[in-house]
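The values are calculated or read from the model by the stated rules, or taken from the named source; none is laboratory data. Remember, predicted model here, so these are calculated numbers, not experimental data. Ideal geometry is used to build each Cβ from the backbone, glycine not excepted, and the neighbour counts take in all protein chains shown. Just the protein is used for accessible areas: all its heavy atoms, side chains included, with ligands, DNA and RNA removed. Shrake-Rupley method; radii C 1.70, N 1.55, O 1.52, S 1.80 Å.
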Amino acid sequence: MEETRKILVVSREKEDYGLLCKVFSQIDISLEVSAVDDIDDEKSAILPKSHGAMLSLDDAWHSTPYDCIFLNHHLPQDNALTTIEKLQSFAIKTPIIVMIDGNNKQDVTQIIASGATEYISKSDLCLTTLAKILRLCIRLGDAEKKVAQTTQKLQESNELISCQNQELAAQKELIQLQHLKLLEVSQLQSQFLGAISHELRTPMNAVIGFAQLLLRPNFHQLTLQQKDMVERILNNGKHLLMLLNEVLEFSGLENGDITLKPELFDLSQLIKTTIAQVRSLADEKQLSIVIHNQLQNNVVFNDKNKMKQILTNLLSNAIKFTESGSICLEIAELPGNKLAIAVQDTGIGIATGDLERIFEPFCQVDQGNSRKYSGTGLGLAIAHSLVQIMCGKITVNSQLGEGSVFRVELPRQISSPISQQIKEVSPTQVVHSCRKLL
Ligand code: ADP
C-alpha cells in the first residue's frame, strides 16, 4: 500500500491552504495535510479542525516527521528566511518549499541561498508544477531520512565500539598488571625456594659426610645397633638432599640460571651408571630393568649431568610407580641426527585427563594427604625444562593400570652455550673438610 505523506503548511493566509488543498486533491499521492499559522503564533490555527490537525509549530517540527513543508514567504512576525534558519538550527532536514507572491529574482536567490529546497510562485501554482516539485521533495526527504538513520546507527555503533574498546583497554591493563604481579610472585617464590634449599643443603651435606665418616670400618667401632642408626641417618640424609637438589634445580631453571655444559661422552656408559644408581630401588621391589640399545654409535655431545638427571628422574618414577613387572629402557636412532630414549614401565599408569598436567611443577596425580607415593612433584617439570633447553621434546603414553612410556627425543649434538653452574658443596667435599677438622 502506498505510504501516506505528511505535509505541513505554514501560512496565515487561508487562500494558501485552500489553493494547495485544491491542487493536492488532484495529485495521485496519498497526502495528510496539517497547517499552522506562524512560528510566533503557534497556538492559533488558521483553519477549522476538520481541514487539518491543529498543531503548534514546535510540535509539528519535533513530533511529526513531515515529508515536506510549504512555507509562506511573508509570515506575520518573521519572514520565511528566519524560519528556515530556525528550522536548520534544529537540524530539521525536511524539504521546504517557499510560496512567494510574485517572481522577484532577489527574493528567489535569497530563499534558495537560505537553504530552502525550492520555491513556487502562487500565481504558477498548477497541478503539473506542484506535483513535480512535491515528488522531488519527497524523494529528497526520503534520501535525507535514510542518510540520517544510517548516520545515527553509525554513531551508535561507534559509541558502542568505543565503549567496548575502553573496556578492553581497561581489562588489558588489568591483565598486564596481574601478569606482572604473578611474574614477580613466581620469581620471588623461585628465589625463596632456591635460597632455602641452598641453605639447607650445606648442613645436610655435613650430616651425610659425618654419617659416611662414622661408617668407615677403620674410623670407629660401632655396635650393630649404632651402625644401623647411622645408616638410617645416611639414607634419609641422602633422600632429603635429593629432594633439596630437585627444588634447587627447579628454581634455577625457573630463574633461567642454568645453561648447559656440553661434552662428548658415551651414552651407553651413562645409561649403565644411571641404572646402577637406581638398581637397588628396583631390586627392593623385584623389578627387572631391561636395556634395548639400538645405537650404532653411542657418542653424543650434550650436558652429561643434565642428561643423567633426565634419565634418573624418569627411571626413578618408573620404579616408584611400578609394583611388579619390569622397566625397559630403549635407545634408538632417529632421522636428522637425533636420538630417542624411551622409559617404559608396567606400573599404575596415568589417566588420560592427567597426562597434560603431569609436566607442570608440583603436579602429582595423587595429591591427597594420604598419598602413597612420596616426591616433590618436580621431577617431570625439571626433565621437561631440561629437554626443552636441549632443543628436544618429551612425550608420554600411558594406560591406567597397565603402565607408561616416557619418550625423550634429543639432538645427538647440542650447541655449546656458556655454562653457569650452581655452587654446590658435595658430600665428599664435606668429608674432606671434616677429616681436616678431626
Ligand atoms: P614426583 O614423582 O616427585 O611426584 P614428578 O614430577 O616426577 O613428581 O611426577 C609428577 C606426577 O606424574 C607423579 O606424582 C605421578 O602422579 C605421575 N607420574 C610420573 N611418572 C609416572 C609413572 N612412570 N607412572 C605413573 N605415574 C607417573
Confirm whether Val98 is assigned by TED's automatic domain parsing to the domain that holds Ala35, open to solvent by less than 50 Å² (accessible area, probe 1.4 Å), in a strand (DSSP E or B) and in contact with a strand residue (DSSP E or B) (Cβ under 7 Å, 6 or more places away or on another chain).
yes
Residues being under 15 Å from Ala383 (Cβ atoms) and either open to solvent by 20 Å² or more (accessible area, probe 1.4 Å) or part of a loop (DSSP other than H, G, I, E, B) (or both) - total across the stretch 307-341:
7
Before we move on, is Thr352 under 23 Å from Glu402 (Cα atoms), surrounded by 13 or more Cβ atoms within 10 Å (Cβ to Cβ) and either within 36 Å of the chain's Cα centre (by Cα) or hydroxyl-bearing (Ser, Thr, Tyr) (or both)?
no
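With respect to Asp257, is the statement that it is open to solvent by less than 60 Å² (accessible area, probe 1.4 Å), more than 16 Å from the ligand (Cβ to nearest atom) and acidic (Asp, Glu) true? Before the answer, list the steps.
Values: open to solvent by less than 60 Å² (accessible area, probe 1.4 Å): no; more than 16 Å from the ligand (Cβ to nearest atom): yes; acidic (Asp, Glu): yes.
Spelling it out, it is not the case that Asp257 is open to solvent by less than 60 Å² (accessible area, probe 1.4 Å), more than 16 Å from the ligand (Cβ to nearest atom) and acidic (Asp, Glu).
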